[in-house]
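Visitor: Please read through the structure below; I'll follow up with questions.
Where a number appears in this text, it was derived from the coordinates with a stated rule and is not lab data. Small disclaimer: the values here were computed from a predicted structure and weren't measured. Virtual Cβ from ideal backbone geometry, glycine too; neighbours counted across all protein chains shown.
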Amino acid sequence: MNKFLKILFAVAVLFAIQSCTDLEEELVGDVTTNITVEGVSGGSGGQESTPLSAAYAELRNAGTANHGGYYSVQEIPSDEMVICAKGGDWFDGGILIELHQHTYGPTHAFVNGTWNQTYGAINTVNELLAGGTLDANQTSQARALRAYFYWRLLDLFGNVKLIVEPGVDVAQSSRSDVFNFVESELLAALDISEVSSTMDLTNSPLGTDASAYQINQFAALGFLAKLYLNAEVYTGTARWAEAAAAAGYIIDSGVYRLCGEGCTVANLGKRAGVEADPDELEGFAAVFAANNEGNPEHIFAVFYDEASAGGMNFSQMNLHYSSQFTWNFDAQPWNGYATLEEFYNSFEDGDARKQASFIVGDQLDFGGSAVLDYASDDGNLVLSYTPSINELTPNSLREAGARPGKFSFKQFGRPDMSNDFPVLRLGDVYLMRAEAMARDAGDWSMALPDVNVVRERARVSALSSIDADGFLAERGREMFQETSRRTDLIRFGKYNDAWWEHPADPSDHVNLFPIPFDQIQASGGTLSQNPGY
């Protein structure tokens with residue numbers, strides 16, 4: 001073992017980003033250098049360069065796993081996460097409070113940013129398709145990827161423009177028309193007319209190769225399963241049977257398996273002086289690790305790498321400034337996102353997902369010593385994350401809230417992380433099939449077999465009964481931090497309920513975000529606002 005060289009230093013970081021303003025935190029502590037952590041240089045491996053590389057890169061550019069775009073507008077308005085105002089830090093003109101309390105309007109910066117990022121991604125795909133250089137397989141991948149981006153817009157905004165050629169403007173489409181377009185593009189990529197239990201995909205230009213970085217037949221079916229699962233919200237007509245068939249085809253193929261017992265990766269965040277840190281991450285924790293490339297559960301994932309494919313910033317977004325000493329990060333975290341106490345408490349002790357998803361309690365550095373917060377505002381010098389949060393604004397305690405840690409951190413991590421982000425994974429597909437079958441039959445007991453498969457992997461006991469509320473809670477435990485909660489709450493009719501410092505919504509118009517004011521102004525009258533704004 002290398003001898004530890006401890007260097008006492010003081011770091012003052014003043015950073016100006018759209019997420020966090022007016023912050024200056026003085027850190028005093030021991031950063032450990034001259035150590036060896038086996039495999040710490042590992043990342044997400046290499047991503048093969050193809051004519052579609054630029055299109056797939058747009059998944060990173062479109063806010064999938066960073067602050068200010070898609071991830072933020074899916075998570076902060078839900079009952080999973082919150083960003084509290086800590087004095088002048090993280091107030092940001094009130095826009096984060098507006099997301100939590102559903103008082104967002106057409107000028108909200110994150111709403112406008114999400115719109116721009118998503119249409120920027122669509123434009124990249126349109127340009128590739130217009131170039132005429134793609135073969136049949138690549139063309140089908142591109143159309144399916146564009147359909148996925150339009151699914152995001154369908155879910156977030158409803159009535160949007162279906163732009164399919166570079167530089168060609170079109171009229172605004174209804175939400176039903178956008179639904180039909182997404183469905184037709186995915187069916188065309190699969191070369192089928194409908195999804196059913198007897199569908200034949202042998203003529204599909206999409207392949208069956210299990211590389212998670214490219215859309216194959218199973219990824220396209222997964223997109224369709226998500227589309228059909230929410231069809232009643234989008235169009236008023238339920239499509240449960242198709243959702244169940246699409247999800248069932250993926251499961252029954254046997255190409256993917258849940259990462260459970262024996263499915264392990266090296267723990268790149270291991271601290272030499274902390275006996276509780278395992279040498280390996282197993283099962284659920286391995287699905288989201290910093291070296292999770294090639295995980296057998298990933299159907300379609302966004303490639304991230306700290307050096308070559310940045311854009312995942314969870315370590316910065318979630319952790320307290322002093323947590324820099326726990327993982328020896330080369331930059332100070334921002335201390336933003338936290339988990340709502342009620343959501344954290346919905347996990348039972350012993351659930352592997354609880355252990356993998358949250359960071360709570362006293363924090364230790366690489367050598368096992370307490371991490372100190374010399375600017376503590378809770379009377380405790382030791383950095384300790386508490387599940388309870390005292391208030392949303394104006395002075396939330398800076399250590400309040402269990403911190404999201406599902407996408408685990410590694411020693412010497414950079415601000416950009418290397419964890420791949422699963423857009424589709426088998427655990428999600430099991431729960432989509434479970435819900436669709438239950439709703440189609442009008443009997444929630446139909447969901448139990450698939451729910452219990454997922455619970456077995458989480459090392460919690462099987463359920464003998466379940467209802468809609470119980471299923472939503474189970475889906476929340478499985479899918480935390482994977483940008484599904486807002487969509488799920490709307491589908492279950494819970495998005496407008498009261499929780500913590502979010503009062504009940506006086507109107508359900510907030511289930512759709514407003515069309516950004518800047519976009520309406522620039523449209524020359526071709527975009528109209530969603531009702532209620």
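Visitor: Considering the values [x] 36, 27, 24; [y] 47, 27, 22; [z] 113, 31, 20, which represents semi-axes √(5λ) of the Cα gyration tensor in Å as calculated for the structure under consideration?
Guide: Computed from these coordinates, semi-axes √(5λ) of the Cα gyration tensor in Å corresponds to label [x].
Visitor: Take Ile520, Ile466, Ile215, Ile250 and order them by how many other Cβ atoms sit within 10 Å, fewest up front.
Guide: On the way: Ile520 16, Ile466 19, Ile215 31, Ile250 23.
Final ranking by Cβ density, sparse to dense: Ile520, Ile466, Ile250, Ile215.
Visitor: What is the ratio of the Cα radius of gyration of the stretch 137-262 to 2.2 N^0.38 Å, where N is its residue count, to two decimals?
Guide: My calculation over the Cα atoms of the stretch 137-262 gives 1.08.
Visitor: Please give the Cα centre distance for the stretch 453-521 versus the stretch 60-133, rounded to the nearest Å.
Guide: Computed from Cα coordinates, the inter-centre distance equals 18 Å.
Visitor: Then there's this: At 0.36 nm per residue, and after removing the present C-alpha to C-alpha distance, how many nm does the segment from Val168 to Glu127 gain when stretched out fully? Before the final figure, lay out each step's value.
Guide: Values: separation 41, 0.36 × 41 = 14.76 nm, distance 1.14 nm.
Extra length from Val168 to Glu127 when fully extended: 13.6 nm.
Visitor: Grab the beta carbon distance between Gln355 and Ser196, set R0 = 45 Å, and tell me the FRET efficiency rounded to 0.05.
Guide: Between Gln355 and Ser196 the formula returns 0.65.
Visitor: Which translational diffusion coefficient, to the nearest whole µm²/s, is obtained for the stretch 196-270 from the Stokes-Einstein equation, given a Kirkwood hydrodynamic radius over C-alpha pairs, 25 °C and 0.890 mPa s?
Guide: Rounded, D is 171 µm²/s.
Visitor: While we're on this one: For the chain, what is the relative contact order in percent, using Cα pairs closer than 8 Å and at least 6 residues apart in sequence?
Guide: Relative contact order, the chain: 19 percent.
Visitor: Sticking with this structure for a sec: Once the cut-off is 20 Å, how many percent of the Cα-Cα pairs in the stretch 315-415 end up in the long-distance tail?
Guide: 34
Visitor: If you don't mind, another one. What distance in nm separates the simple spin-label points at Glu261 and Thr107, each placed 7 Å from Cα in the Cβ direction?
Guide: Each label point lies 7 Å from its Cα, and together they span 5.9 nm.
Visitor: Mind putting a number on the dipole of the chain about its Cα centre? Charges go on the C-beta only, +1 for Lys and Arg and -1 for Asp and Glu, and I need it in Debye to the nearest 20. Walk me through the numbers before you get to the answer.
Guide: Details: 33 positive and 71 negative charges, 109 e Å.
With only Lys, Arg, Asp and Glu charged at Cβ, the dipole is about 520 debye.
Visitor: What full-extension length gain, to one decimal in nm, is calculated for Asp330 and Asp377 as 0.36 nm per residue of separation minus the Cα-Cα distance?
Guide: Gain in length upon complete extension: 14.4 nm.
Visitor: Let me check the size of the stretch 79-151 from its C-alpha atoms; what are the radius of gyration and Dmax in Å?
Guide: Final numbers for Rg and Dmax: 18.2, 55 Å.
Visitor: For Asp135 and Glu391 in one chain, what is 0.36 nm times their gap in residues minus the Cα-Cα distance, to one decimal in nm?
Guide: 86.6 nm
Visitor: Using r as the Cβ-Cβ distance of Asn61 and Ser464, and R0 as 45 Å, what FRET efficiency do you calculate, to the nearest 0.05?
Guide: That pair, Asn61 with Ser464, gives E of 0.45.
Visitor: How big is D for the stretch 360-410, in µm² s⁻¹ as a whole number, if Stokes-Einstein is applied with the Kirkwood radius of its Cα pairs at 37 °C and 0.692 mPa s?
Guide: 275
Visitor: Taking the convex hull of the alpha carbon atoms in the stretch 181-239, what volume per residue do you get, in Å³?
Guide: 89
Visitor: How large is ³J(HN,Hα) for each residue in the stretch 316-321, as worked out from phi by the Karplus curve 6.51 cos²θ - 1.76 cosθ + 1.60 (θ = phi - 60°), to whole Hz, x for Gly and Pro?
Guide: Along the stretch 316-321, the couplings run 6, 5, 9, 8, 5, 3 Hz.
Visitor: Once you put a point 7 Å from the Cα of Trp500 and another 7 Å from the Cα of Ser308, both along the Cβ direction, what distance in nm separates them?
Guide: So the two model labels end up 3.9 nm from each other.
Visitor: Restricting the count to DSSP beta bridges whose residues both fall in the stretch 1-496, what percent are antiparallel, rounded to a multiple of 5?
Guide: On the way: 31 of 32 bridges.
Roughly 95 percent of the beta bridges in the stretch 1-496 run antiparallel, per DSSP.
Visitor: How much mean residue ellipticity at 222 nm does the chain get from its helices, if each DSSP H run of length 4 or more adds -39500 (n - 2.57) and you divide by all residues, to the nearest 500 deg cm²/dmol?
Guide: Theoretical 222 nm ellipticity from helices: -10000 deg cm²/dmol.
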